[in-house]
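Read the structure below first, then the notes.
Where a number appears in this text, it was derived from the coordinates with a stated rule and is not lab data. Keep in mind that this is a model prediction, so the values were computed, not measured. Positions of Cβ are backbone-derived with ideal geometry, glycine not excepted, and every protein chain shown enters the neighbour counts.
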Amino acid sequence: MRLSHGTLLIVFCMGSLFVISWHSTERDHTSRQVDFAGLFERLQQAEHRAAELTTELTSVLSRLHNVNSSTNTNSSHAKDKEIKEDVNASSCVAINANTLFYLPHLQEQKNGLVPNVFLGKGRSGVSLVLGIPTVRRQKQSYLVNTVASLLYDLSPQQKGDMVIIVFVAESDQQFVRGVADVIQKNFPEDVHAGLVEVVSPPASFYPDFSVLKTTFGDSIDRVKWRTKQNLDFSFLMMYAQPKGTFYVQMEDDIVAKLGYSDAMKTFATGLSSQQWLYLEFSQLGFIGKLFRASDLPMIVEFFLMFHKDKPIDWLLDHILWVKVCNPEKDAAHCNTEKNKMKRRHKPSLFQHVGLHSSLPGKIQNLKDKDFGKQPLFTPHENPQAELSSSLKHYQSHTLERAYRGQDFFWGLTPVSQDFVLIRFHKPQRVQGYLFRSGNIETNGDRFNNTTVEVQPRNSSVVEKVQKQELPQYQPSSDGFVVVGSFVNGVAQGTLDAAVQEVTAMRLVVHKDSDVWVLLSEIYIKVS
C-alpha cells in the first residue's frame, strides 16, 4: 500500500475483515510540488477518525453482548459457558493495515488476530485498562498475588471504572485454561462483574521464530524471547485499545501501592492538556507505564515494524527520539526533549517482587527505591480484652499486637474449629466490627469459611435467636450467636440493638485451610 493512497483501518472480528475507514489523499500526479505537511495532517486526522470508529464499533458489540447476557436465565454453569462464547464472538482487534506487511504470515491466517477470550464480559468505556502479560514460568508464578494486590483496596466505584486483562501469551490452550481456572477460583466476583478478563492470542498469530537473525550479541534464545515479547505486548495493546481512556502496562510479578488507582487518574488528568507519550509510575522496565489509548495504534505499529530488531524498551525510547530529537543537536538536548514526553510520578506506585524472569535462567532481583514502604496493617483503638487463639502465631506477629494496632496477626495454617477469642474485661455495647485478612503483600493468607460470633450478655437474646425471633442471626455453641462471616477475606457488619451488649467475640474456622491466615485490621466499634 503506497502512502499516496491514504490510511486504511481494518478490524478483525469473528475471523472476518471489515474496512472501517478509508481516507483518500490522492493528489494531482502531474504536480511536482507535494504538500507533505498537509499530507501528514490528513493522515493524522484519518487515523484519529479510524480510532473513533473502532471504539464505536467495540461499544456497539459490547452493548449487543450485554443485551444477550441479560436475557439469559439458565444455570450459572451454562451462563458462564454462554458468556465465554458470546465474548469470543464479539472480540475484535483493531489494527492498521500495515500490520499485515510487518507480519506477512497473517495474510494466510484468517483468525490470526482474533483473541481467545477465556474469561470476560466485554467491558469497555472505562478510565483505566490494566494489561498483565504472563507466560509459563519454570519457577514460581506470581500472577495471583499480582492480581490480588491490584484489587486489594479498590472501592466499588473504582472497580466499575477499570478493566484488568490477564494476557496469557501461550499457544497451549490447556495451559491457558488452567490459568483461567485459577483466576476464576481466586476472583469469582470480579470475573463475574467483568472487571477481570483472561485472554490469549491464537497460535497462528506468531510467525516462525526459527528464521530470526541474532543481533547485538544476544543468543538466539534471547532474540526469540524478546521478539515474542514485542509481539505479545503489541497484541495485548491492540486488544485493550478500544476499552478505555488510558492503558497501563503491567508485569505479572508486582505489588501495587494502596490508592494507586486514584493516584494514576489524578496524575494523568492533571496533565491532560500537555504533550506526553507516556507516564511512568515505576522506574523499572515496562512496569506501570500509562499511555493514552488513542496513541496505542501508532505505538503498536512502531513495535511491529521493528519487532525482530530490538527489545521493546529500546523501541519505546526510539519512538521518543523520532518524535522530538533533532539530529543537528547534541545528546543532552535530545534527552531533555525526551524527558518532556515521559512524565514521572513519585513515589512509585508499583514494586517488582519477582526473582525469576520469564526468560529461562535469568535472575531479576530488581527493586524500585522510590516505592517506599507499604502499610501492612491498619491500627485501631479497641476496648480492653483478654485474647486467646488456637492458632500458633508466626514470629512476633501476635494476636495481642494486632489487636492493639501495633502489627498484623499471622497464624499458621488453620483447621476446622480453630478460633480467635476476644473476651472483654467488661461487657461492651458493640455497634459494629471489621476484620480484614491478608494485606497488600500477602493477600492470599485470608480467612475463608470463618464466622464472626458474639456472646450476648443477656441469655434471653440467645433464646430469641434459637426461636428464630431474630432471623438475621444463627445460634452457635457456648452461648454465642453467629452475626457474620468472611467474604473475600473481609468480615464487616453492624449489630442489631437487641444483641449489642456482649461479653465476648470470636472467629471460628469451619473448614481446613491450605494457607496461613493474616489479620491486618481488627476494629470493634463500641459506644
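A crude spin-label estimate for the pair VAL515 and ASN111, with each label 7 Å from Cα along the Cβ direction, gives 3.4 nm. Per-residue extension of 0.36 nm, minus the Cα-Cα distance of VAL487 and LEU212, leaves a gain of 94.0 nm for this segment.
Lys pairs in region 194-324, Cα-Cα under 27 Å, at least 8 apart or on separate chains: how many? Number of lysine pairs found: 25. Amide H contacts for ILE164 (H built 1.01 Å from N in the peptide plane; partners 5 or more residues away or on another chain; cut-off under 5 Å): LEU130, VAL196, GLU197. If R0 equals 56 Å, the separation of the Cβ atoms of ALA332 and ARG404 corresponds to a calculated FRET efficiency of about 0.55. Is the C-alpha gyration tensor of region 129-198 telling us rounded, prolate or oblate? Criteria: a/c under 1.5 is rounded; beyond that, a/b larger than b/c is prolate, otherwise oblate. Here region 129-198 falls in the prolate category. At a Förster radius of 56 Å, what calculated FRET efficiency corresponds to the Cβ-Cβ distance of SER416 and ASP309, to the nearest 0.05? Once rounded, the FRET efficiency stands at 0.45. Seen from HIS510, the other residues with C-beta closer than 12 Å to its C-beta sum to a net charge of -2, counting Lys and Arg as +1 and Asp and Glu as -1. Subtracting the Cα-Cα distance of LYS185 and GLU469 from 0.36 nm times their residue separation leaves 98.6 nm of extension gain.
At full extension, TRP321 and ILE220 could sit 33.6 nm farther apart than now, given 0.36 nm per residue minus the alpha carbon distance.
When a/c reaches 1.5 or more, the comparison of a/b and b/c decides; with that in mind, is region 162-273 rounded, prolate or oblate per its Cα gyration tensor? Oblate shape, in that a/c is at least 1.5 and b/c is the bigger or equal ratio.
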